[in-house]
Structures are given as C-alpha cells and as structure tokens.
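**Q** Here it is: the structure, laid out below.
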Amino acid sequence: MLLRLYRFIALAFLLLPISCTTYRVMQVEVLEPAAVPLAKGSRVALFDRNIQKEGNAVQFADPGVGNELQVAFGDGMNHCFVEMGYDTVMLLGNHRQMRVADIGAVEALPADTVRAFCRRYDADFVASLEMMAYGYEEEDILCQWFLRLYGAEGGMAVDSVVLEERLPEESFTIDSYDLLDYLAGLFWDAGVSYAHRLVPTWNAVERRIYRQGRVLALGEAYWRNGQDAEAEEVWQRASRLSGKTAVQAYVNLAWLQESREDFARALELLREAERIVQEEHVSGGVADYVDEYIRILEKRLRERDILSQQMDF
C-alpha cells in the first residue's frame, strides 16, 4: 500500500519571513502514527464523568458550561477522526457532579457500566473524561484533562493519559463570554491532542532550504518555481564544494528525497553532511540542524512501517 505521508500546507510551499537570509523555513504536514491505534470502523463514545478536582482555580456557576466544553472537546476529536475516515464520536453527558482530592482518587469505571454503555450505544470504546483540574502554575492556570479509554470487550481500561494546556494570565481579565470562547478553544485543542493518540493524524512541521551564496540561491529559485530536477542538479554541484556550503547543499538534497518519501536516501545524504561537519570542523546552526534532521528522519523511517500497519488496520 502506497501511503501519502506528506502534504504541503494550503497545497503550496509556505515560506515564512525570518530575519536570517541563510535559509527559508518551509511548513509541511506529516502523517504521524497513533500511540493507541483504533481499528477503522471503531465507534467511540466520549463520556464526561463530570468530576472536578477540589479547590479548582476555575469554577462555573452555570452547569451548562461543562456541556459546552465537552462538545468542544468532542469537536476537536471529530476533526481528526473524520479527516482520517473514522466514525464521529458520540457524546454522553452526566449531570451528577463529583469532587475528588486528586487524579489518584478517581477510580476506574466498573466493567459492567462500560459494557452497558457499549451495548446501549453500539460503541466499541468509551473514552472517559475522568477528571478536570485547574491549578495555578507560576502566573498561569494549568488545565489538566485526565482520560481513560475503556474497551467494550471486558470493560477494562486499555489506556490512560493526562493532557495539559496553559490558560495565560492575560485571559483572566477578558469578558466572561470571551473567556468561555477561549476555554472552548483549549478544549478543542485538547480533543485534537487526544485524537492523536487514537488515530493517525497530520501534524505541521518545519524544514529548511538553505539559500546562502549564489549557487545555493540559484537552486532555491528553481525549487520555488517547482523545478525540482534543476534544483537537484545545482545542489549536487554545490555538494562537491567544501565546508558549510557543501553541508547546506546536502541538507537541501535530503529534503528533496524526504519529500519523495525516500527516507533511506535522505539519511545517506545527511550522513555525508555529518561527515563534512566532523572532518572540516563546520560549526554553527547548520551543524546543529544536521544532527536534528538525522534524528527526525530516523524517527520517520521507524514510523513509516507503523503507519502502513495502522492505515490497513
């Protein structure tokens, strides 16, 4: 199965303005595997247990606010689920509020309760928002979502995680309606983060194209115009030079191979860049980026096989 592992944001290269003219920053999206992958066709129910931590820094006088925030969390999950061809998440509410001292005090749902939920709503999994905590950290409020994932078969928890987002201090002074919108945005983001654990998702990353000097700049001009073959020829010539220019040319060539999903060849090119860095004592930002880029591609190479299995799951 041929996987599409990259896509350009807005179907084009996004060149971000930066103060340094040595390189351009390009934003692309890469497909990343799930940590706890769900099979295609799995139906998930999102259950809010409505458990709050005692002494929460954020309190809601209107109980309906919690429902709105649960909807925002579910919308964030559905954004990822629908994009990857999964069924939408079902929302299950709970009007009975509880308070506990800390996360460790939240007992798992009884297996019979989980199985009853799954039978009633024809669900394969129950993603349970076990507890919300709002605590002060420095001058901000730290928002924490404690979640467990329960399977229909056996009714036991198969995964648990605590997600965190910060509520900046400046948001405390805005109108209450605006604050609710801000919180809804945080819950949406948390829903997206949680979906990342369960289904493969697209994630925005940055790559560099070096353009310092006449030769590299010529290749970059070809590349910007979609003339990859011409850019590759120019950068190959530049890679036969010495020092920093050769290292930068190899980085550009590695990106071309990465964009073609030939990770092995991209790593070979970066190893050549690494050799020049060591032998010719090249230092500075490009040397650090070569090390970082090698680690990124080694991870991408490992993830490709995992993704292949998950997309066929």
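**Q** Name, by its number, the condition in (1) in contact with a helix residue (DSSP H, G or I) (Cβ under 7 Å, 6 or more places away or on another chain); (2) surrounded by 17 or more Cβ atoms within 10 Å (Cβ to Cβ); (3) within 30 Å of Asp181 (Cβ to Cβ) that does not hold for Gly155.
**A** Going through (1) in contact with a helix residue (DSSP H, G or I) (Cβ under 7 Å, 6 or more places away or on another chain); (2) surrounded by 17 or more Cβ atoms within 10 Å (Cβ to Cβ); (3) within 30 Å of Asp181 (Cβ to Cβ) one by one, Gly155 breaks only (3).
**Q** Sort out which residues of the stretch 240-250 are surrounded by 16 or more Cβ atoms within 10 Å (Cβ to Cβ) and either free of Cβ contacts under 8 Å to residues at least 60 places away in the same chain or assigned to a loop (DSSP other than H, G, I, E, B) (or both), and write them in order of number.
**A** Hits for the stretch 240-250 are Leu241, Lys244, Thr245, Ala246, Val247, Ala249, Tyr250.
**Q** Give me a count of the residues in the stretch 106-148 that are over 15 Å from Leu92 (Cβ atoms) and touching a residue at least 12 places away in the same chain (Cβ under 8 Å). Full working, then the answer.
**A** Our first condition is that a residue be over 15 Å from Leu92 (Cβ atoms); within the stretch 106-148, this holds for 106-108, 110-112, 131-146.
Still in the running and touching a residue at least 12 places away in the same chain (Cβ under 8 Å): 106, 108, 110-112, 131-137, 139-146.
Residues flagged as over 15 Å from Leu92 (Cβ atoms) and touching a residue at least 12 places away in the same chain (Cβ under 8 Å) within the stretch 106-148 amount to 20.
**Q** Give Ala287, Ala273 a once-over and let me know the one that is within 23 Å of Trp223 (Cβ to Cβ), small (Gly, Ala, Ser) and surrounded by 21 or more Cβ atoms within 10 Å (Cβ to Cβ). Even if it seems obvious, please write down each step before you answer.
**A** Numbers: Ala287 fails: surrounded by 21 or more Cβ atoms within 10 Å (Cβ to Cβ).
Going through Ala287, Ala273 in turn, the sole match is Ala273.
**Q** Specify which of the listed residues (Asp87, Asp75) is of a type in the set (D, E, K, R) and in a loop (DSSP other than H, G, I, E, B).
**A** Details: Asp75 fails: in a loop (DSSP other than H, G, I, E, B).
When all the criteria are applied, what remains is Asp87.
Conditions (1) over 30 Å from Ser308 (Cα atoms); (2) part of a helix (DSSP H, G or I); (3) modelled with pLDDT under 95; (4) out of contact with any Lys or Arg (no Cβ under 9 Å at 6 or more places or on another chain), marked per residue:
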| site | (1), (2), (3), (4) |
| --- | --- |
| Tyr177 | yes, yes, yes, yes |
| Ala190 | no, yes, no, yes |
| Asn203 | no, no, yes, yes |
| Val234 | yes, yes, no, yes |
| Ala238 | yes, yes, no, yes |
| Asn252 | no, yes, no, no |
| Arg265 | no, yes, no, yes |
| Val290 | no, yes, no, yes |
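**Q** Based on what the data block shows, is Val82 of a type in the set (Val, Ile, Thr), within 22 Å of Val36 (Cα to Cα) and in a helix (DSSP H, G or I)? Step through it out loud before you land on a result.
**A** Working: of a type in the set (Val, Ile, Thr): yes; within 22 Å of Val36 (Cα to Cα): yes; in a helix (DSSP H, G or I): yes.
Spelling it out, Val82 is indeed of a type in the set (Val, Ile, Thr), within 22 Å of Val36 (Cα to Cα) and in a helix (DSSP H, G or I).
**Q** Same structure again: Assess whether Glu220 counts as being within 18 Å of Arg24 (Cα to Cα) and of a type in the set (D, E, K, R).
**A** yes
**Q** Could you figure out which of (1) farther than 15 Å from Met26 by Cβ; (2) in a helix (DSSP H, G or I); (3) touching a residue at least 12 places away in the same chain (Cβ under 8 Å); (4) among the charged types (D, E, K, R) isn't true of Arg295?
**A** (3)
**Q** OK, next. Please find, within the stretch 32-79, the residue that is surrounded by the most Cβ atoms within 10 Å (Cβ to Cβ) out of those that are under 22 Å from the mean Cα position of the chain (by Cα), closer than 19 Å to Leu186 by Cβ and of a type in the set (Gly, Ala, Ser).
**A** Filtering the stretch 32-79 for residues that are under 22 Å from the mean Cα position of the chain (by Cα), closer than 19 Å to Leu186 by Cβ and of a type in the set (Gly, Ala, Ser), the one surrounded by the most Cβ atoms within 10 Å (Cβ to Cβ) comes out as Gly74.
**Q** Consider Tyr136 carefully, then state whether it is more than 20 Å from Lys53 (Cα to Cα) and over 22 Å from the mean Cα position of the chain (by Cα). Talk me through it step by step, then tell me what you get.
**A** Details: more than 20 Å from Lys53 (Cα to Cα): no; over 22 Å from the mean Cα position of the chain (by Cα): yes.
Spelling it out, it is not the case that Tyr136 is more than 20 Å from Lys53 (Cα to Cα) and over 22 Å from the mean Cα position of the chain (by Cα).
The values are calculated or read from the model by the stated rules, or taken from the named source; none is laboratory data. This is a predicted model, so every value here is computed, not measured. FYI the Cβ positions are ideal-geometry reconstructions off the backbone, even for glycines, and counts take in every protein chain you see.
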